[in-house]
Amino acid sequence: MDFFQILALIVPAAIVSAAPLILTALGGVLSERSGVVNIGLEGLMMFGAFIGAVFTHYGEQWGLGGGSPWMSFVVAIVAGALFAVPHAVASISLKADQVVSGVALNFLAAGLSIFLTKKLFGAGQTPDIQERIGKGDVPVLSKIPVIGDLFFSNAYSTSFVAVFLAFVVWYIIYKTPFGLRLRSVGEHPMAADTMGINVIKTRYISVIMGGAFAGLGGAIYVASIAGNFTGSTISGQGFMALAAMIFGKWHPLGAMGAALFFGLAQSLSITGEQIPLLKDIPDVYLLILPYVLTILALAGFVGRADAPKASGQPYEKGKR
Amino acid sequence: MNLIKGRLFHILVPVVSVLLGLLIGGIIMLVSNYNPISAYAALIDGIFGNGYNLGETIRAASPLILSGLAVAFAFRTGLFNIGVEGQLLVGWLASVYVGIHFDLPKVIHLPFAILAGAAAGALWGVIPGFLKAKFKVHEVITTIMMNYIALYTTNGIIRAYMLAPGERTKDIKESASLASPWLQQLTEFSRLHYGIVVAILAAVIMWFILWKTTTGYELRAVGFNQHASQYAGINVSKNIVLAMAISGAFAGAAGTMEGLGTYQYMTINNAFTGVGFDGIAVSLLGANGSVGIIIAALLFGGLKIGSLTMQSAAGVPTELVGIVIALIIFFVASSYLIRWLTNRFTKGGKI
């Protein structure tokens, strides 16, 4: 097996497993850059996955055919946004500990999504969806030698959506007035307030947008990888997205890069048996790699990662 | 009316939160066409109804007490240990390893196995503690990462070195077991074991360390204000590492409840046990105090065990209890809301 064949095996698989991570990590970036820690990404993603599975299934029954997953994405975006509201209310208005509130959100998602699955379908899992996001060659681009085969053949359209949205989020955060407000509120809310920026409102918008992204990430995971929703569909991807966000230093494009890298590690642990050199390495090492790297990054061994200054602190007007 | 302030308020918040959680859980059941009254009746029956249920409730509460203590101990020093889950897993593995591979009389073997679990958990907790003290890395993120490292590593170790048929390790030797035929017989053959004694002992130890020793005073001082502690000559870094070590030890001991008590072996876990995360809920509801934690653990253990009867007798999915627990955490965390509401009522609308 030559080097190129190995790449052709790993790279597409990496991009596929990265798409949901990219989107969820972007959700985390939006929320945390505004100063609200979001441990609830896992729960938001889980709820999005549940909504994605349910509405793709219903879409098929309503005769939407191939449009069903895309319709479910729209619903999952709305559902993710709504599901982030309790976290926003608790951690922004009620000044709860943001980590605790995020943990509660994870509990709530796990309980609610399986409770509703049992209620709707009378079983612990949703029916398998028929209309998955298909693989396809991108016209023109797939004809480019080497790169075309690696990135644009047999690719999922959702992966391109994820990469595109990473650039959109980058543009929003760094090139628009709203993005400037979002960042200022996360770095020094009091200064931002003095300058007339509505801290509470900006944080609410950011957290809710973050929820929408994480919800979409979950729905895409179901439509492209899992195929249905059970209690174990989302088990740790949200936390891995959190890791990607930190490893990417709270920057949308950094988070995308980290998510792609973690996707690579995940796909290596699955496809590794087919690759001569990696066959002998126990997959434990590949499985723990993303988490070890994140810790090293935080400790400053792989480029220092610093959180937004005001993240984790509720804002109280007039407090010193 | 200053009654609502101080001690009473600390008791009021958890009680009101539990009631609100159960109330909203009832509304969810009503909306989804279940009968909340018969469901809650089944739930209560599932907790206290007979000896077996009561035994199972106490059994489920034992690791919850320890994981709650682990979260609370770190909290008292101003640290948020979300890594209880991972520390629990390595503690579980270490205790099972000692239980299988050593041949000692029970008086030595059992304490040795429990201490091995606690030591493994402590070691797993020290890593985030050290990173926090030395590099100022936020412990919430590192402990989450350490959870996954623990999950995959323990699975890898079992698969490589300790595998027995059935995706698990061999059974531990009888001399390292917490199981008690007497307690089982007393509770209509539930899986109740002596772990509850260990858990209550640990609660006493936590109270003693925090409130009756100089070390505990320093730990709490660091929790209140790191800078002031530093100024007063307390070694903040040392206390952070120490707090994470002791917290991890409690978590590791929670793992021994599963390894030496309930299961007598360790399985290859596809996902987390959930006991560590529940510990966050327990410590929050128990207001980080020893007595509160025991009560909260019994409540959550009861809810979990009772939900089984709720599903079989009233047809309500067990996950409803998960929703109720999530709501309780939200309400306790948002105690600002309850404080605001009570002040409204007691002061007749005036702030």
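The values are calculated or read from the model by the stated rules, or taken from the named source; none is laboratory data. None of the values given here were measured: they were computed from a predicted structure. Cβ atoms come from the backbone with ideal geometry, glycine included; neighbour counts cover every protein chain shown.
Table: residues versus (1) in the same structural domain as B:Tyr97 (by TED's automatic domain parsing); (2) under 18 Å from B:Ile196 (Cβ atoms); (3) surrounded by 22 or more Cβ atoms within 10 Å (Cβ to Cβ).
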site	(1), (2), (3)
B:Ile268	yes, no, no
B:Ala271	yes, no, no
B:Gly276	yes, no, yes
B:Gly279	yes, yes, yes
B:Leu284	yes, no, yes
B:Asn288	yes, no, no
B:Gly292	yes, yes, no
B:Ala296	yes, yes, yes
B:Gly301	yes, yes, yes
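The helices (runs of 4 or more DSSP H) falling completely within the stretch B:11-106 that include 2 or more residues that are touching a residue at least 60 places away in the same chain (Cβ under 8 Å) and under 18 Å from B:Thr256 (Cα atoms) map to B:51-76, B:84-101. Close contacts from the stretch B:205-217, counting a first residue that is over 16 Å from B:Lys238 (Cβ atoms) and a second that is hydrophobic (A, V, I, L, M, F, W, C), with Cβ to Cβ under 8 Å and a gap of 6+ residues or different chains, come to B:Met206/B:Leu69; B:Met206/B:Ala72; B:Met206/B:Phe73; B:Met206/B:Phe250; B:Leu210/B:Phe73; B:Leu210/B:Leu219. When we screen A:Phe4, A:Phe47 for residues that are at pLDDT 95 or above and aromatic (Phe, Trp, Tyr), the only hit is A:Phe47.
Scanning the stretch A:214-238 for residues that are within 14 Å of chain B (Cβ to nearest Cβ) and assigned to a helix (DSSP H, G or I) turns up A:Gln237, A:Gly238. For the stretch B:160-177, the condition of being modelled with pLDDT of 90 or more, within 23 Å of the chain's Cα centre (by Cα), more than 14 Å from chain A (Cβ to nearest Cβ) and surrounded by fewer than 18 Cβ atoms within 10 Å (Cβ to Cβ) holds for none of the residues. Every residue in the stretch A:239-256 that is outside any helix (DSSP H, G or I) and surrounded by 24 or more Cβ atoms within 10 Å (Cβ to Cβ), please. Once the filter is applied, which keeps residues that are outside any helix (DSSP H, G or I) and surrounded by 24 or more Cβ atoms within 10 Å (Cβ to Cβ), the stretch A:239-256 yields only A:Gly248. Here the condition is being of a type outside the set (Asp, Glu), crowded, with 19+ Cβ neighbours inside 10 Å and more than 28 Å from B:Met244 (Cα to Cα); of B:Ile58, B:Ile28, it holds for B:Ile28 alone. The residues on offer are B:Ala232, B:Ala203, and the sole one that is out of contact with any strand residue (DSSP E or B) (no Cβ under 9 Å at 6 or more places or on another chain) and either surrounded by 22 or more Cβ atoms within 10 Å (Cβ to Cβ) or within 30 Å of B:Thr57 (Cα to Cα) (or both) is B:Ala203. Looking only at residues in the stretch B:142-152 that are touching a Gly at 6+ places or on another chain (Cβ under 9 Å) and at the interface with another protein chain (Cβ under 7 Å from one of its Cβ atoms), the one that is surrounded by the most Cβ atoms within 10 Å (Cβ to Cβ) is B:Met145.
For the stretch B:320-336, check the following and say yes or no: at least one residue is buried (at least 24 other Cβ atoms within 10 Å of the Cβ), β-branched (Val, Ile, Thr) and within 20 Å of B:Gly49 (Cβ to Cβ). Within the stretch B:320-336 (the criterion being buried (at least 24 other Cβ atoms within 10 Å of the Cβ), β-branched (Val, Ile, Thr) and within 20 Å of B:Gly49 (Cβ to Cβ)), the answer is yes, since at least one residue qualifies.
In the set (1) outside any loop (DSSP other than H, G, I, E, B); (2) under 24 Å from the mean Cα position of the chain (by Cα); (3) in contact (Cβ under 8 Å) with a residue 24 or more places away in the chain, B:Arg191 fails one condition alone, (1).
Whenever a residue of the stretch B:228-240 is in the same structural domain as B:Phe75 (by TED's automatic domain parsing), it has no partner that is among the charged types (D, E, K, R) and loosely packed, with under 14 Cβ neighbours inside 10 Å lying with C-beta atoms less than 6 angstrom away and at least six residues away or across chains. Answer yes or no: is there a residue in the stretch A:60-72 that is touching a Gly at 6+ places or on another chain (Cβ under 7 Å), over 30 Å from A:Ser184 (Cβ atoms), among the aliphatic types (A, V, I, L, M) and surrounded by fewer than 24 Cβ atoms within 10 Å (Cβ to Cβ). Checked the stretch A:60-72: at least one residue is touching a Gly at 6+ places or on another chain (Cβ under 7 Å), over 30 Å from A:Ser184 (Cβ atoms), among the aliphatic types (A, V, I, L, M) and surrounded by fewer than 24 Cβ atoms within 10 Å (Cβ to Cβ).
Yes/no per residue for (1) within 13 Å of another protein chain (Cβ to nearest Cβ); (2) modelled with pLDDT under 80; (3) part of a loop (DSSP other than H, G, I, E, B); (4) exposed (fewer than 15 other Cβ atoms within 10 Å of the Cβ):
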{"position": "A:Glu273", "(1), (2), (3), (4)": "no, yes, no, yes"}
{"position": "A:Pro276", "(1), (2), (3), (4)": "no, yes, yes, yes"}
{"position": "A:Ile288", "(1), (2), (3), (4)": "yes, no, no, no"}
{"position": "A:Leu293", "(1), (2), (3), (4)": "yes, no, no, no"}
{"position": "A:Leu298", "(1), (2), (3), (4)": "yes, yes, no, no"}
{"position": "A:Phe301", "(1), (2), (3), (4)": "yes, yes, yes, yes"}
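Scanning the stretch A:107-126 for residues that are more than 7 Å from chain B (Cβ to nearest Cβ), touching a residue at least 12 places away in the same chain (Cβ under 8 Å), in a helix (DSSP H, G or I) and surrounded by fewer than 24 Cβ atoms within 10 Å (Cβ to Cβ) gives A:Leu116, A:Thr117, A:Leu120.
If the condition is being surrounded by fewer than 24 Cβ atoms within 10 Å (Cβ to Cβ) and among the charged types (D, E, K, R), then the stretch A:181-233 contributes A:Arg181, A:Arg183, A:Glu187, A:Asp193, A:Lys201.
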